[in-house]
1. Say a paramagnetic label sat at a point 7 Å from the Cα of Ser141, along Cα to Cβ; which residues of segment 214-254 have their backbone N under 19 Å from it?
2. Given the Cα-Cα distance of Ser14 and Asp29 and 0.36 nm per residue of separation, how much length would full extension add, in nm?
3. Using the charge dipole of the chain (Lys, Arg: +1 at Cβ; Asp, Glu: -1 at Cβ; taken about the Cα centre), state which of Asn258, Gly129, Ile7 has its Cα farthest towards the positive end.
4. What is the dipole size for the chain, taken about its Cα centre, with +1 at each Lys and Arg Cβ and -1 at each Asp and Glu Cβ, in debye to the nearest 20?
5. Which parts of segment 99-121 would a label at Ser74 reach, counting a residue when its backbone N lies under 19 Å from a point 7 Å out along Cα-to-Cβ?
6. For the chain, with a Gaussian network of springs between Cα atoms less than 10 Å apart, report the residue from Gly26, Gly115, Gly213 with the top mean-square fluctuation.
7. Tell me, what is the FRET efficiency for Leu199 and Thr128 to the nearest 0.05, using R0 = 25 angstrom and their Cβ-Cβ distance as r?
8. Using only DSSP helix segments of four residues or longer, with each worth -39500 (n - 2.57), what per-residue ellipticity at 222 nm results for the chain after dividing by its residue count and rounding to 500?
Amino acid sequence: MSGAPVIAGWDHVSSGKVRELYVPTGTPDIRSASELLLVASDRVSAYDFALEPPIPGKGELLTRLSRFWFTQLSDVPNHIIGPSSGGTPVPAEVESRSMHVMPLEMFPVECVVRGYLVGSGWAEYQQTGSVCGVALPQGLSNGDRLPEPIYTPAYKAPQGEHDENISYEQTVDLVGADVAATLRDLSLHVYTEAAAIALERDVVIADTKFEFGQDADGRIRIADEVLTSDSSRYWDARADGRTDSFDKQIVRDWLSANWDRQGTPPVLPEAIVSRTAARYAELIERLGA
Ligand code: ATP
Ligand code: MG
């Protein structure tokens, strides 16, 4: 894993699987920070494992996607601090893969929206006829579009632990009835808007995950990355079938075929790395992001 870059004016405070978090130099801790810098690396993770080698250009492309969607979805308050709002300058050499954001009190809910039946949703549907407690019509096939998008939240586990699917009622216990309803309604709204915009450009957003937080004034804002190919499944609407993906499914598929998920994952071959990088770039171009 590559070390966090040194950034003038900012102190590194933590590393996620993919991103590095910074606060302005001299800030004692995250809680007292008035601004944060989220810097996307080129690291790729799958099945919760950080993989080697990195995908060249990935951090920049995913940051571009997030920015594109924050702009498209401007009716929903977000965590971006605009370049005109002042604050600590972001050095030019990291600008293209950084997001300068307001620190929020994050809700421990991963707000998942699924518009199509695929992956773990498809596996569960075959067993139970429902996905995360949401009953679905009979006779659906792998990759089918759902009659309407469904909200299937997960508990955001502390660093290093696995997230866990939970019911809507459990989100009420976690964050209260009003916030739970707001998170659900905003998630379905943002997914529906974005999926329509993407489809005009021949791109299907099969599913996605959002995170929200609350600012110092109690306002709920959409945070983290939005609708990136790390947080979403993107398919080519021009391709046959529903599996021609613009996301890291290429990496997942290769890993499934070449690794039994015991011990350290194998190093990704150059062909998989370059194909993944090319697909990320193609998605940006198709969306006009
Ligand atoms: P996670 O499952 O927590 O996302 P990760 O390893 O994927 O783990 P990264 O996505 O690399 O972590 O790091 C980003 C972290 O920053 C996440 O924990 C996310 O919740 C947090 N975050 C994003 N936006 C904000 C914000 N505005 N204020 C505070 N924290 C934020
Ligand atoms: Mg994350």
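The values are calculated or read from the model by the stated rules, or taken from the named source; none is laboratory data. A quick note: this is a predicted structure, and the numbers were derived from the prediction, not measured. A quick note on method: Cβ atoms are made from the backbone with ideal geometry, for glycine too, and the neighbour counts reach across all protein chains shown. Protein only, heavy atoms only, side chains kept; ligands, DNA and RNA dropped before computing areas. Shrake-Rupley method; radii C 1.70, N 1.55, O 1.52, S 1.80 Å.
1. Correct set: 235-245.
2. In short, 4.4 nm is gained.
3. Value computed over the given set: Asn258.
4. I would put it at about 440 debye.
5. 100-102
6. Maximum fluctuation in the GNM of the chain, among the listed residues, is at Gly26.
7. Using R0 = 25 Å, I get an efficiency of 0.30.
8. On the way: 7 runs with 89 residues, N = 289.
Here the helix-only value at 222 nm equals -9500 deg cm²/dmol.
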